[in-house]
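Student: Dumping the structure here so I can ask a few things about it.
The numbers here are math on the coordinates, done by the rules we state, and not lab data. Everything numeric in this text was worked out from a predicted model, so none of it was measured. Methodologically, a virtual Cβ is constructed for each residue, glycine included, from the backbone with ideal geometry; neighbour enumeration extends over all protein chains shown.
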Amino acid sequence: MDHSPVCLGIAAMAVLFVAADRPEATREAVCRRVSRPPKIDGKLDDACWADAVLIDKFPAFWESRPSGTGTKARLLWDDDALYFSATMTDQELRSFGTKRNDHLWNGDVFELFLKPSAASPAYYEFQVNPRSVILEIPFPRRGYSFEELAAKPPMGMEAVAIVDGTLDQPGDVDRGWTVEGRIPWSLFAPTGGRPKPGDAWVFAMCRYDYGPDGTKPVLVSSAPLSQPSFHRHEDYARLKFEGEK
């Protein structure tokens, strides 16, 4: 066992992570089928979102400052794609990255992880930052080369973010941002493609929320993570795909 200061620090963090009295996380959610999908414009005014099941349990992890972070998310699906939306409070809107598959997590970002099968190590990571820049990564397994996967050609994901405030202008008080996105089922071809009503995958929705200069970001996740990693898919929540309401 490595007893270096770094490893001991990580171990101590893990103990605090498990022991802390944290808000309840999301352990199960529903993705409802729709006949008319949303228009991907970031406005979240499509009628279909009213029928989507709300996901609003997002505990904060590794806090270095008061959170003030509120997140409400929803998921929908049809024959062509999976749709996601989120509204997020945020007093300091910051971004990083200007092109697809940049290291968006170095700024405010909304993340969605999906793992279709427990029998396969493959899972997927999707991100959107406040500038509507996306990340779409199909991991064959955890620990696979990010740079190799990031260099793959576009896979069809699209998303639009709208900010309520002034992006990348420190010192003022912002209000938050919204995001709306579409992920085609063709992207999931390596793991069987589109689900059927009644199927269940596992998932997590996560955020990096950056604050004033000199502070570390607040990290939140819908999943009941037992270790400090958003890639800890063993702890992801169950996502059931249902038919239309």
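Student: Please compute the modelled spin-label separation between ASN106 and SER229, points set 7 Å along Cα→Cβ, answer in nm with one decimal.
Tutor: Simple spin-label model gives 2.3 nm for this pair.
Student: Provide the packing ranking of 193-204, 178-189, i.e. peptides ordered by the mean count of other C-beta atoms within 10 Å per residue, highest first. List each step's numbers first, then the result.
Tutor: Details: 193-204: 16.8, 178-189: 19.8.
Highest-to-lowest ranking by the protection proxy: 178-189, 193-204.
Student: How far apart, in nm, are two points set 7 Å out from the Cα along the Cα-to-Cβ line at LEU54 and at ALA189?
Tutor: 3.9 nm
Student: Calculate, in nm to one decimal, what ASP45 and GLU28 gain on full extension: separation in residues at 0.36 nm each, minus their alpha carbon distance.
Tutor: Details: separation 17, 0.36 × 17 = 6.12 nm, distance 2.53 nm.
Result: 3.6 nm gained on full extension.
Student: Then there is this: Given the options PRO153, ALA47, SER95, identify the residue whose Cα lies farthest towards the positive end of the charge dipole of the stretch 5-242 (+1 on Cβ of Lys, Arg; -1 on Cβ of Asp, Glu).
Tutor: PRO153
Student: How much FRET efficiency would the formula 1/(1 + (r/R0)^6) give for GLU148 and LYS99, where r is the Cβ-Cβ distance and R0 is 22 Å, rounded to 0.05? Intermediate values should be presented prior to the final figure.
Tutor: Details: r = 17 Å, r/R0 = 0.77.
About 0.85, to the nearest 0.05.
Student: Restricting to Cα pairs below 8 Å that are 6+ residues apart, what does the relative contact order work out to for the stretch 62-199? Please round to a whole percent. Intermediate values should be presented prior to the final figure.
Tutor: Values: 279 pairs, mean separation 36.4, N = 138.
Relative contact order comes out at 26 percent.
Student: On to the next question. From the residues THR178, TYR124, LEU135, which one has its Cα farthest along the dipole of the stretch 5-242 in the positive direction, the dipole being from +1 and -1 charges on Cβ of Lys/Arg and Asp/Glu about the Cα centre?
Tutor: Positive-most Cα among the choices belongs to TYR124.
Student: Report, in listed order, any pair from LYS152/LYS240; LYS99/LYS196; LYS99/LYS152; LYS57/LYS152 with a Cα-Cα distance greater than 22 Å. Provide the component values of the computation, followed by the final result.
Tutor: Details: LYS152/LYS240 29 Å; LYS99/LYS196 33 Å; LYS99/LYS152 13 Å; LYS57/LYS152 33 Å.
From LYS152/LYS240; LYS99/LYS196; LYS99/LYS152; LYS57/LYS152, over 22 Å: LYS152/LYS240; LYS99/LYS196; LYS57/LYS152.
Student: Could you state the per residue volume, in Å³, of the convex hull enclosing the Cα atoms of the stretch 5-242?
Tutor: On the way: hull volume 30.0 nm³, N = 238.
Value for the stretch 5-242: 126 Å³ per residue.
Student: What full-extension length gain, to one decimal in nm, is calculated for LYS72 and SER120 as 0.36 nm per residue of separation minus the Cα-Cα distance? Mind dumping the intermediate values first?
Tutor: On the way: separation 48, 0.36 × 48 = 17.28 nm, distance 2.96 nm.
That works out to 14.3 nm of additional length.
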